[in-house]
1. Output the residues belonging to the range 345-357 that are surrounded by fewer than 17 Cβ atoms within 10 Å (Cβ to Cβ) and part of a strand (DSSP E or B).
2. Among the residues of the range 127-135, is any touching a residue at least 12 places away in the same chain (Cβ under 8 Å), hydrophobic (A, V, I, L, M, F, W, C) and over 19 Å from residue 104 (Cβ atoms)?
3. Kindly provide the set of residues from the range 212-224 that are within 17 Å of residue 167 (Cα to Cα), surrounded by fewer than 18 Cβ atoms within 10 Å (Cβ to Cβ) and of a type outside the set (Val, Ile, Thr), ordered by number.
4. For residue 105, state whether it is part of a loop (DSSP other than H, G, I, E, B) and under 15 Å from residue 333 (Cα atoms).
5. Return the residues of the range 282-338 that are charged (D, E, K, R) and under 26 Å from residue 169 (Cα atoms); say none if nothing qualifies.
6. If I ask for residues that are at pLDDT below 95 and either under 13 Å from residue 108 (Cα atoms) or open to solvent by less than 30 Å² (accessible area, probe 1.4 Å) (or both), which ones from the range 316-344 would you list?
7. Output the residues belonging to the range 250-276 that are under 20 Å from the mean Cα position of the chain (by Cα) and under 19 Å from residue 238 (Cβ atoms).
Amino acid sequence: MLKTPPAVFAVEKEYQIMVQTTAPCLVFARVRGEEYFDDSNGILRSLQDIHRVQVPMEELDEAKEYTLCVRPLIERKPYFTTTEPLREYRFSFRPVPNENVRAYHISDAHNDILGPVAAAKAFGHIDLLILNGDVIDHSGDPSKFDNVYEICAQLTGGQIPVIFSRGNHDMRGNFAEKFADYTPSAQGKTYYSFRLGGIWGLLLDCGEDKPDSHDAYGHTICCHAFRRRQTRFLKEIIKNAQDEYLAPGVHTRMVISHNPFTEILESPFDIEQDLYDEWTALLREHVKPHLILCGHMHALEVRLPGHEKDHHGQPCPVVIGADPRQEGYAGCGLVLGKEKIDTVFTDSTGAAFGQARLEK
């Protein structure tokens, strides 16, 4: 019934356990005797082949295991629906440690599975997987999402948390408007904060990379208004700082964005300069992140504040950590410690290079 093992996504203060199934069924999870259902206002879902169960972080972190319960559906009827016996799948779970968290960053896989998985395995043991946009090449076909869950399956086995961010290619195609149905989201939003151990993170979603009026989009996007909503969201985060990035126990503050909004690109990609100036100023003056983690550029670089492309007043180091090469793939491994962040690039041949240490 399970197409792959589930993926355990971190969203705000909960885990969203998401799993693909091969036939209509009803799904819930059991954690320490409590049952959490994939439901719509009390009605168990069966129409989609992907299911989402939301569990409070503290519950799963303490339990360190969960049971995914699947009831195959024979026929759903107004009365006397028929089902098969319940099937149960048990998974152990490892919450991220309090320090020296080993994370691997994958972006711009563009449907490649073997390359990113091999690059991540070259980094070794991980406590956290970060998927930062354009894992697929477009959202024109729901089967594309299989690639997201296959990477999660091979690198996490449903046993460690995953952070997921949307990229610009993800916004293209017939199923782009349903993207949040197939991936983690905060009440349908693709931007949110999260907390994992001593790590506080903020996902910002730049949307598309060209003006809304660009012919390529055919009048199908409204990303400017979408970004303005995130400006308001960022100001709310700052108002609630004591429950967010200034909460007790936070030692690492990071921002994850597919697109490196801290720099100005060449036309037609030189968009939203005033808005991105405001984002950068709010982060620099209030949040003071230790790291901004990006993809999009198909490059492997650590950019310190004041570099030649830093036109917005970059608030901290920016790591561009994904290179989908013609032959193979390279991503970025991170060790997130209380006093420092170590980064290293690894590729699908097993090579490791470009090590850097970022002092906090």
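The values are calculated or read from the model by the stated rules, or taken from the named source; none is laboratory data. Model, not experiment: these values are computed from the prediction. Ideal geometry is used to build each Cβ from the backbone, glycine not excepted, and the neighbour counts take in all protein chains shown. In case anyone asks, the SASA skips ligands and DNA or RNA and just uses the protein heavy atoms, side chains included. Shrake-Rupley method; radii C 1.70, N 1.55, O 1.52, S 1.80 Å.
1. From the range 345-357, those surrounded by fewer than 17 Cβ atoms within 10 Å (Cβ to Cβ) are 349-357; that's our starting set.
352, 353, 354, 355, 356, 357 - these are the residues of the range 345-357 that are surrounded by fewer than 17 Cβ atoms within 10 Å (Cβ to Cβ) and part of a strand (DSSP E or B).
2. Here is the first cut: in the range 127-135, the ones touching a residue at least 12 places away in the same chain (Cβ under 8 Å) are 127-135.
Keeping just the survivors that are hydrophobic (A, V, I, L, M, F, W, C) gives 128-131, 135.
Now narrow it down to the ones that are over 19 Å from residue 104 (Cβ atoms): none.
For the range 127-135, residues touching a residue at least 12 places away in the same chain (Cβ under 8 Å), hydrophobic (A, V, I, L, M, F, W, C) and over 19 Å from residue 104 (Cβ atoms): absent.
3. 212, 216, 217, 222, 224
4. Here the answer is no, as residue 105 does not meet what is asked.
5. At the first step, the residues of the range 282-338 found to be charged (D, E, K, R) are 284-285, 288, 301, 303, 308-310, 323, 325, 327, 338.
Listed by number, the residues that qualify are 301, 303, 309, 310, 323, 325, 327.
6. Passing the criteria: 325, 326, 328.
7. Those that are under 20 Å from the mean Cα position of the chain (by Cα) and under 19 Å from residue 238 (Cβ atoms): 250, 252, 253, 254, 255, 256, 257, 261, 262.
A quick yes/no check of all residues on (1) part of a helix (DSSP H, G or I); (2) open to solvent by less than 30 Å² (accessible area, probe 1.4 Å):
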| site | (1), (2) |
| --- | --- |
| 228 | yes, no |
| 234 | yes, yes |
| 245 | no, yes |
| 258 | no, yes |
| 281 | yes, yes |
| 293 | no, yes |
| 306 | no, no |
